[in-house]
Amino acid sequence: MTFNGDKFQLLRSGTNHEILNNTYLVTSDNQTIDTSPHAKCLGVYLSDDGTFKHHIERTIKKARRIAGWILRTFYSREKDCMLTLWRALVQPVLDYCSQLWSPHMAMDIQALESLQRAYTRQVKAMKELSYWERLKRLGLYSQQRRRERYIITYTWKALEKLVPSPSNINEVEPQFNQRTGRKCVRKIPPSQAPARIKTLLLSSLPYNGPRIFNCLPRRIRDLTGCSVDSFKTQLDSVLRTVPDEPSVPGYTSLCRAVTNSLPDQVDLQRRDTGLGRGVGTPLL
């Protein structure tokens, strides 16, 4: 059996430049496999720096190209037409394997959000509204909330043994407590690892999944033995009660949520409830 070197890519990663620069692979017919900074595996681009920035950039370009084709091809700007085209053609591109490559940098999160921001602006009678008001009227989640929803669903599937654990080293393990119910065991990154490696680990699925799952109410975390669709229905009923709009500009993180992520918004709700007031403007 012979291998075609043109169909293979060699992805190197690490800090030992001597090994990285002096190692190479050769096929049976003495054909050298070229080194590439990015390699595609099952539709997701892996990079030699351990991030998914290249994949995110390609995903944004592809989704923007499809959204532009929709706006040029279809004349109607009615709500039902625009949402159907978005959910059928654009959203699957942004959702594909998003629990794996979900970004943690603000610039990547905002770049993905800008696609939906620009598209919903073209819907009839929505142009003068703010982005977050448009999402409420159209019944859409923000892109960040959608990715967190996928992470929660995959973590629940891993707890129910419906899918493999996201990591052979850091398996998703349940922890039962009579007071708090079922939670995921949160792993601690290696203490001797560089700060950059710790950041990448904490934003990865094996570490970030339990963090997001544990912030849910107990009645959602304790769901077991039900279908995936039933779990998603119960999950959506909770996510609709958590504000999707980011923190109020001008207020410090002591008063509002640090980010727009689900754990920070849930923590903000709990602090507001503890102070005996709603989720409105904070008291300074």
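Couple of notes before you dig in:
- Listed by chain and number, the lysines placed with their C-alpha closer than 28 angstrom to that of residue 127 are 61, 62, 79, 136; residues fewer than eight positions away on the same chain are left out.
- The packing ranking, built from the mean of other Cβ atoms within 10 Å per residue, places the peptides 259-271, 228-240 in the order 259-271, 228-240, highest first.
- For the chain, modelled as a GNM whose springs connect Cα atoms under 10 angstrom apart, the maximal fluctuation among 216, 100, 162 occurs at 162.
- Net charge over other residues, Cβ less than 12 angstrom from the Cβ of residue 139 (K, R count +1; D, E count -1): +3
- Cut-off 12 Å between beta-carbons: net charge of the residues surrounding residue 49, Lys and Arg +1, Asp and Glu -1: +2
- Annotation: lysines with alpha-carbon distance below 27 angstrom to residue 161 (same-chain offsets under eight excluded): 183, 187, 232.
- Cβ-defined net charge surrounding residue 128, 13 Å radius [Lys, Arg +1; Asp, Glu -1]: +4
- Relative contact order (%) - the chain, alpha-carbon pairs under 8 angstrom, separation at least six: 11
Bear in mind these aren't lab numbers, they're just calculated from the coordinates by the rules spelled out. What you are looking at is a predicted structure, and each value in this text was computed from that prediction instead of being measured. Ideal geometry is used to build each Cβ from the backbone, glycine not excepted, and the neighbour counts take in all protein chains shown.
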